[in-house]
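Asks: Quick one: this structure, given as structure tokens, is what I'll be asking you about.
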Amino acid sequence: MQSTAAREPLTVADDDSAQDDLLAAVDLPPVEAAPRRAPSLETGVVRGTASGLLVELGGGPVLARRAKSCLVAPDAGDRVLCAKDGEQVFVLAVLEGEAGATTRVVAEGDLKVQATGRLGLGAGDQIEIAAARELGLFAGKLQVRAQAAAAAIEELGLVGRSLEAHLQKAVVVAERMEARADRLVQRAKQAFRFVEALEQVRAGVFDLRAEGLAAVRGENTIVAARTLAKLDGEQVKIG
């Protein structure tokens with residue numbers, strides 16, 4: 001005769017505690033999480049740069065991003081060192097490129113080069129500095145040395161406290177020139193002025209002195225005074 005417990009099926013109450021006890025009673029092998037693959041290094045060749053970096057690796061072409069520390073922008077055909085971290089691929093460095101090709105240092109966003117000591121910038125041939133909007137130079141002292149210099153500037157504004165220039169020859173060609181000063185002093189061993197049309201001097205007091213000869217010559221000469229005109233000399237000759 002079978003017992004009642006043998007005839008009745010096993011029922012489990014529909015609650016969380018009963019389900020936990022049932023799962024604990026079942027002897028199942030532990031489920032291990034898939035191990036995360038460690039980052040690896042691999043070399044490849046850049047196949048395209050139009051819409052991101054397309055790098056040919058051992059497993060085929062992949063899309064990669066340039067690491068922030070890799071300031072040299074890769075070009076198509078360059079051999080690069082890549083780091084693979086899961087599904088992400090980063091270009092760490094450009095190992096070699098086409099012989100004679102231009103090396104471009106490119107940074108996303110602002111770039112600041114700073115040194116606690118001296119910073120030197122040199123080139124065997126030429127240095128070019130280009131800015132789309134503004135170029136600023138700030139220094140306690142500025143020194144410029146060159147055998148020849150040429151500047152093409154549409155508008156030039158210069159503000160300073162003093163200016164000193166030592167030149168062997170200076171040539172200024174301008175359609176119009178204006179000079180304003182509280183005091184203007186010119187010293188020269190010889191001075192020549194050639195005016196094709198009109199020269200006009202207006203002054204509160206006009207004093208002209210010559211240690212030797214003072215000559216005023218013209219096709220027509222007019223000397224006029226509103227109050228007094230005076231000729232003084234040991235000899236006065238008219239005509």
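Asks: Along the positive direction of the dipole of segment 72-223 (beta-carbon charges: Lys, Arg +1; Asp, Glu -1; about the Cα centre), which of Gly77, Ile129, Val144 reaches farthest?
Replies: Checking the options against the dipole of segment 72-223, the answer is Val144.
Asks: Give the accessible surface of segment 150-218 per residue, rounded to a whole number of Å², with probe radius 1.4 Å and ligands, DNA and RNA excluded.
Replies: Accessible area per residue: 131 Å².
Asks: A further question follows. Label Leu156 and Arg176 with points 7 Å out from Cα along Cα→Cβ: what is the distance between them in nm?
Replies: Going from the Leu156 label point to the Arg176 one covers 1.8 nm.
Asks: What is the percent carbon and sulfur in the accessible area of segment 52-104, measuring with a 1.4 Å probe over the protein chains and ignoring ligands?
Replies: Percent of accessible area from carbon and sulfur atoms in segment 52-104: 52.
Asks: Quantify, in whole percent, the carbon and sulfur part of the accessible surface of segment 124-176 (1.4 Å probe; protein heavy atoms only).
Replies: Reported share for carbon and sulfur atoms: 49 percent.
Asks: Given the alpha-carbon gyration tensor of segment 123-206, what are the semi-axes of its equivalent ellipsoid in whole angstrom, ordered largest first, with each equal to the square root of 5 times an eigenvalue?
Replies: 35, 17, 17
Asks: Now, a different point. Averaging the inverse of every distinct alpha carbon separation and then flipping it gives the Kirkwood radius. What is it for segment 36-79, in angstrom units?
Replies: 11.2
Asks: With a point put 7 Å past each Cα toward its Cβ, work out how far Gln143 is from Val223 in nm, to one decimal.
Replies: 5.8
Asks: So which lysines can Lys189 reach, going by Cα to Cα under 18 Å and dropping same-chain residues fewer than 8 places off?
Replies: Once the sequence-local lysines are set aside, what remains near Lys189 is Lys169.
Asks: Here's something else I'd like to know. So if each residue of separation counts as 0.36 nm, and I subtract the Cα-Cα distance between Asp110 and Leu198, what length gain in nm does that give?
Replies: The span from Asp110 to Leu198 would gain 26.0 nm if fully extended.
Asks: Starting from the Cα of Lys68, draw a straight line to each of the lysines and keep only those under 24 Å, dropping any in the same chain fewer than 8 residues away.
Replies: Answer for Lys68, where 24 Å is the Cα cut-off: Lys84, Lys112, listed by chain and number.
Asks: How many Å² of accessible area per residue for segment 68-128, probe 1.4 Å?
Replies: About 82 Å² of surface per residue is accessible.
Asks: Can you give me the relative contact order of segment 55-185 as a percent, contacts being Cα pairs under 8 Å and 6 or more apart?
Replies: 15
The values are calculated or read from the model by the stated rules, or taken from the named source; none is laboratory data. Being a predicted model, the structure only gives us computed values, none of them experimental. Cβ sites come from the backbone with ideal geometry, for glycine too, and all protein chains shown count toward neighbours. Note: accessible area is taken over every heavy atom of the protein model, side chains too, but ligands, DNA and RNA are not part of it. Shrake-Rupley method; radii C 1.70, N 1.55, O 1.52, S 1.80 Å.
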